Amino acid sequence: MLYMLLSVVLGKSWIKMNKVEKNKFTCTTMSSVHAVVLMIYAVDAVLDGWSRHGSIMWHSAEAYAGDIAFLTQFTAGYFLHDTFNQLYYNWGTSGVRDMLAHHGFFLSGCALLLFYRVGAWLPMLWSLTEISTPFINLRVLLSLIGFKDHPVYMYNGLAILLTFTGRVAVSLYIVYLLATKATELRAAAPVLFYAQTAASFLMTGLNLTWYSKICSMSYYRVFGSKSKSE
C-alpha cells in the first residue's frame with residue numbers, strides 16, 4: 001500500500017530509482033511514521049504520568065493495559081520488521097551492524113517490559129530519544145530523490161544535530177535514573193532492572209558514537225567548505 005502511494009506521490013523520482021532504492025525509501029518512510037507516532041504517545045504518557053503520579057518514574061501494572069502497552073508492542077513490531085529488512089536488503093552496507101545492535105537492544109527491552117509489566121517510564125523515556133529519527137530519515141529520503149545540493153538538505157542537517165543532542169541528553173538521563181533513583185524498580189523486578197541498566201549503558205554508548213560522527217560531519221561541512229573556498 002505504502003509502496004504504491006509513494007510511486008504516485010514521487011512520480012518521475014520514483015521511476016528513476018532501482019528496486020533496492022525503492023525499498024529503502026519505503027522502509028525509511030515507515031520508520032518516520034513509527035517515530036512520529038511513538039513521539040506523540042511518549043509525550044502524552046509523560047504528561048499523563050506526571051499529572052497522575054507527580055513523578056516521571058512510575059511503573060504501575062495498570063499502565064500496560066493502555067497506551068504504554070500499545071507503545072511497547074508497536075515499537076517491537078516495527079523494530080522486528082525493520083530488522084528483517086536490514087538483514088535482507090542492507091547487510092554489508094555501512095552502519096548496518098550498529099543499526100541491528102540498536103534494534104536488538106530495543107527488542108529485548110520491549111520483551112522484558114511486557115513480561116514484567118512494570119517500569120512504564122522506561123519505554124516512555126526511550127521513545128523520546130526517537131525525536132531525531134524523522135530528520136535522520138529525511139536526510140536519506142532527500143538523498144534518494146536527488147536533493148543533496150538543495151538548501152533544505154543543509155537545514156535538515158542542523159535539525160539532526162540539534163535533535164540528536166536531545167537524544168543523547170535523554171539517554172544519559174535514563175542511565176542516571178537507573179543508576180541512582182530506580183530503587184522501586186530494582187525491588188519489583190531485579191532481572192528487568194539489571195538487564196535494562198546494562199542495555200541502557202550500551203545504547204547510550206551507541207548514541208554517543210553516532211553523535212560524535214554527526215558532530216564531525218557537521219564540523220567538516222561548515223568549516224571544511226570554508227577552507228576550500230578560501
Out of contact with any helix residue (DSSP H, G or I) (no Cβ under 7 Å at 6 or more places or on another chain), part of a helix (DSSP H, G or I) and modelled with pLDDT of 80 or more, is that true of Val8? no
Look through the range 174-191, keep the residues that are under 24 Å from the mean Cα position of the chain (by Cα) and of a type in the set (Gly, Ala, Ser), and return whichever of them is modelled with the highest pLDDT. Ala179
In the range 192-215, anything within 16 Å of Pro123 (Cβ to Cβ) and over 17 Å from the mean Cα position of the chain (by Cα) is listed as Leu192, Phe193, Ala195, Thr197
How many residues of the range 115-157 are under 19 Å from the mean Cα position of the chain (by Cα), part of a helix (DSSP H, G or I) and more than 20 Å from Lys24 (Cα to Cα)? The answer is 10
Report, by residue number, each residue of the range 27-51 that is farther than 20 Å from Gln86 by Cβ and among the polar types (S, T, N, Q). Ser51
Which numbered condition in (1) at pLDDT 80 or above; (2) closer than 18 Å to Asn207 by Cα is the only one that Tyr155 fails? (2)
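The values are calculated or read from the model by the stated rules, or taken from the named source; none is laboratory data. Quick caveat: nothing in here was measured; it's all calculated off a predicted structure. Note: ideal-geometry Cβ built from the backbone for every residue, glycine included; neighbour counts use all protein chains shown.
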